[in-house]
Every structure is written in C-alpha cells, then in structure tokens.
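First the structure, in the form of structure tokens, and then the observations on it.
Each value in this text was obtained by applying a stated rule to the coordinates, not by laboratory testing. It should be emphasised that the depicted structure is a prediction, and the values quoted were computed from it without experimental measurement. With ideal geometry, Cβ positions are generated from the backbone for all residues, glycine too; neighbour counts draw on all protein chains shown.
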Amino acid sequence: MDTVSSALLSHEFLKPNILFVTATFLTTLALHFPPKFHPLFLPLTWLITLWSFASVKGNITSGRLIGLESYVTIACIVYMLVLPRILYFESHSLSQGTRDTSKSKRLDDIVLRPGMSSISDSCWIWNNPRHLSYPRSRSGSLPPSELLQYALFRILKIGVITFIDRILVQKLSQHVGTTSTILDFTPDQEPIIRRLLERDEDDPVSRHQLLLRAFMCISWIWPNILVLESYHAMLSLLFVVVLRFNGPGDWPPLFGSPLEAWTVRRFWGKFWHRIASPTFHTYAKVFSQYILKLEPESTVEKATVAFGIFFLSGLLHAATAWKVGQGEGHRDMLFFCANYFVIAGEILVSRLLRNLVRKTKYEARLKDSKMRAAGKALGFVWVFAWFFWSTPRWLYPKILRWSLKQAILQSRV
C-alpha cells in the first residue's frame, strides 16, 4: 500500500495529470474569448496535452498490468482529437448559451468575464466527449433533499463497485495469479479450438486453462467499469452537488446493462461506454466522405465509418500500450478490427435468417416470447464464446511480456 501511495504522489505520476488539467484550464479560458480568437489558443493547448501524453511513464504502478497511467494516456489522446473541433471547427459563444454561431456580434468583441454560468458552460463543452445534449437544468434549482439523495446514490455506487472489487474480483485475481505460471501465457496456449479437437495427450487442455481463459473474458472489462464508473461518479458529485454546474440528468451512466449484450454488436453498442466513439465517428465520417468521396448514408459509407471507429479504437489502445510499456500494440489492432468483422458477420447472418423465415410459419414462432428468451440465452453463450476464443489471443502476449519484465526487475533487487 505504501508503494502504491508513494507512486500516486510521485512527480512522474503527478506531472502528466497537472499538465492535462492545465490544458483543460486553458481551453476554459479560450472559450471566454470571442469565437474568432479560439483558434489562437489551439496550438498551445494541443501542445500542452501532447506534453502531458509524453510525460506518462509506464513503470509507475508495479504489480499490475493495467495502471492509472493507461487511462491518463487515453484521456490525452482523446482530448488531442477533440480540441480541433472545440477551438477551430466549431464556433462556441458562451454569451449565447454555448450554441454554435457563425456570425460575430458586438457582444463577442469583448472578453466574457468568467462567472459560474460561463465556467459551467465551457466545462460542458470540453468535458462532453459523448456528445450529450446541452444541460437541461442546473442543480442550483433543485431542493437540497434531491441533491442529498443524488449524492448518497453516487457514493453508494462507488462503495458497491469498490466492495465487489475487493471482496470478489481481487480475491479471484489473486487466486488466478497464485495458480498460474508464465507457461500459461505462452503462444501455444493462445489457440483453443484446435487443441480441443486434436486432444493431444502430451499437451491436454486442463481445467485450469479453461478457467483461466474464462477469467480473461472479464479481466479487461471489470477494470474499466471500476475506474471509469468510479471517477465518473466522483466527477458528477463535483459538478452536480458541489459546483452545481449541471443537473443529475446530465451525468448518465457510462456503461449500459450487461443484460443488453446478447450479441457482440450489442456488447459494443448497448453495454460498452461511448467515451471515444463519437470522436472516432467524426474522424471516420470525414475520411469516408472527403477522402474516399463515398456517398453519405450509403451502405458502403456506413460500413467504412463503422470500421474506422474500431480501427481508431485499436490504434488508441495500441498507442497507449506502446506509451505505458505494455507492448504488443498490433494485438490491440487485431482485436478491435476482428470485433468489427464479427459484428459484420452477425448482421449478415441475422439478415439471411430474416429473409429465410419471411412469410413462413417460422416467422411468427421466432417472435414468440419463449423463443426470443431462448435466442437471447444462445446469444449470451455466443458472446462468451467469442471472447473466450479472442481475448487470450489479445491479452496473453501482454501478460507474458509484463510477467517477464516483473521477473527481471525482481531478480535485480
């Protein structure tokens, strides 16, 4: 615990965070100027964010494959992609309720004096990567009892997530760590279907290996829920309860219900967070329409944009893996691109099935509630099977690399 605490307070960890906060402060300041002056702030703000990204060190948190530095790196990359839209391509005028405008008025010829309202609006502009609608109300108009209820619910949410992590996930992780060795993550352990079919007596698939693969299916999902939802809840307490910039409805959950994820498409579209995907969608849209000259809203254009989102997601995680020392960035690219093609396969199969049963007796049967429930159950099995097969091919090389680095570091002590 002392090692982790000292790491969190170290200069190496604080520097990128301080620089990132400086960039957001400069963005807030820029938005108080007339829109015609916003582009002047873009180079400096972007370079400070780049400096924050460059300041991230991959050896801060020992003992864990994924540390907080990974999230700082991702935040920097996403922010660098968001800044051109905020300070150059869009024209935000705080004096007009942060609505976009292309005309300059007399009121815009002077610098807006910072106040609670203007700071609230500017924070909403740069802290809205999900492209949520403009705040409907401020919490200042809410009764104290409703604010107290909101605060207690958010605090309870953080407590429940932390409790699940410490009582269940961490103990399960420790058990997996103590029962696993480096040999469990070697390249020959990545395939599973061929090994199950061949039934090699010299290298049988053990119960431990199957359980390890099953654990890998959630090992990358839970840390994101733990970190992102916890920080999201704390920030909502700051902006809604303390500063009263926003209303409770302006901070919806990052993740959807896992009960909605009965296909891989629904896993990414309904359950998974949408922090970076709207920004990736914008860049993919620009590439498809202005570079490839594809017809807007055509099937080819939609497929290209969807692939662009997954490709950029893979590139984001690959850059993060490189920056924090995880390595194996090409595995990130392969994993996210593979998910795109699996989703494309799901769409193709579902359309073929609909066409096959159309105007037949099976069409009505498939709409029956029991059949729909059975279909969802099979869908959950399919999603689990997909990640059961694909996740080790993505994470095993990273874990092997990280384990070897940890072994080398311990041998030097």
Spatial separation of Cα centroids for the stretch 148-186 and the stretch 73-87, in angstrom: 30 Å
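Counting only Cα atoms, I'd like the Rg/Rh figure for the stretch 185-239, Kirkwood definition for Rh. Let's see the in-between values first.
Numbers: Rg = 18.4 Å, Rh = 14.0 Å.
Here Rg/Rh amounts to 1.32.
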Candidate lysines - alpha carbon under 18 Å from Lys359, same-chain residues fewer than 8 apart omitted: Lys367
Cβ crowding within 10 Å averaged over residues, with 194-206, 34-46 ranked highest first: 34-46, 194-206
Size of electric dipole in the stretch 206-344: Cβ of Lys, Arg +1 and of Asp, Glu -1, about Cα centre, debye, nearest 20: 220 debye
The stretch 146-294 pair-distance distribution - Cα-Cα, 10 Å bins, rounded %: 9, 25, 26, 22, 14, 4, 0
Largest-first principal axis extents of the Cα set of the stretch 328-380 (Å): 50, 21, 8
Most mobile of Gly379, Gly325, Gly308 in a GNM of the chain (Cα contacts under 10 Å): Gly379
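When the chain is fully extended, how far beyond the present Cα-Cα distance does Phe255 get from Leu404, taking 0.36 nm per residue of separation?
50.3 nm
Calculated FRET efficiency, Ile275 and Asp202, Cβ-Cβ r, R0 45 Å, to nearest 0.05?
Working: r = 46 Å, r/R0 = 1.02.
Here the calculated transfer efficiency is 0.45.
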Length added when fully stretched, Thr22-Phe163, from 0.36 nm per residue minus Cα-Cα: 47.4 nm
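About the Cα centre, and with charges only on the beta carbon of Lys, Arg (+1) and Asp, Glu (-1), how big is the dipole of the chain? Nearest 20 debye, please.
Values: 47 positive and 29 negative charges, 227 e Å.
Rounded to the nearest 20 debye, it is 1100 debye.
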Pairs from Lys36/Lys323; Lys171/Lys398; Lys157/Lys270 whose Cα-Cα separation, in the structure shown, is over 25 Å: Lys36/Lys323
Dipole of the chain, positive direction: furthest Cα of Trp222, Leu132, Ala284, with charges on the beta-carbon: Leu132
Helix 68-84 axis, angle to the chain major axis (alpha carbon atoms, nearest 10°): 50 degrees
Relative contact order of the chain, defined on C-alpha pairs under 8 angstrom at six or more residues apart (%): 18 percent
Cα long-axis angle, helix 11-30 against the chain (0 to 90 degrees, to the nearest 10): 50 degrees
Among Tyr150, Tyr290, Tyr340, residue whose mean-square fluctuation peaks in a GNM of the chain (springs only between Cα atoms under 10 Å): Tyr290
Per-q log10 I(q)/I(0), the chain, q = 0.06, 0.13 Å⁻¹ (Debye; single scatterer per alpha-carbon; no solvent): -0.31, -1.36
Where labels lie 7 Å past Cα in the beta-carbon direction, separation of Arg195 and Thr178 in nm: 2.4 nm
Label-point separation, Lys57 to Trp389 (7 Å along Cα→Cβ), nm: 4.3 nm
P(r), alpha carbons of the stretch 344-413 - 10 Å bins starting at zero, rounded %: 16, 27, 20, 14, 11, 8, 3, 0
Of Lys57, Lys285, Lys359, the one that fluctuates the most in a GNM where the chain has Cα springs shorter than 10 Å: Lys359
Net lengthening on full extension, Asn128/Trp222 (0.36 nm per residue, minus Cα-Cα): 31.5 nm
Where only C-alpha atoms are counted, convex hull volume of the stretch 289-413 per residue in Å³: 137 Å³
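What does the charge dipole of the stretch 193-244 about its Cα centre add up to, to the nearest 20 debye, if the Cβ of each Lys and Arg holds +1 and the Cβ of each Asp and Glu holds -1?
Working: 6 positive and 6 negative charges, 67 e Å.
With only Lys, Arg, Asp and Glu charged at Cβ, the dipole is about 320 debye.
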Charge dipole (the chain, unit charges on Cβ, about Cα centre) - positive-most of Val342, Ala321, Phe163: Val342
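Stokes-Einstein at 4 °C, 1.567 mPa s, Kirkwood radius from Cα pairs: D for the stretch 206-294 in µm² s⁻¹? Each step should come with its number before you reach the end.
On the way: Rh = 16.1 Å.
The calculation lands on 81 µm²/s.
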Extreme residue, positive dipole direction of the chain, given options Leu210, Val111, Val357 (C-beta unit charges): Val357
The stretch 370-413-the stretch 271-313 distance, computed between alpha-carbon centres (Å): 27 Å
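For an R0 of 22 angstrom, estimate the FRET efficiency from the Cβ-Cβ distance between Phe341 and Lys367 and round to the nearest 0.05.
Details: r = 29 Å, r/R0 = 1.31.
Efficiency, from the Cβ-Cβ distance: 0.15.
For an R0 of 51 angstrom, estimate the FRET efficiency from the Cβ-Cβ distance between Ser411 and Leu152 and round to the nearest 0.05. Write out the running numbers ahead of the final one.
Details: r = 49 Å, r/R0 = 0.96.
Here the calculated transfer efficiency is 0.55.
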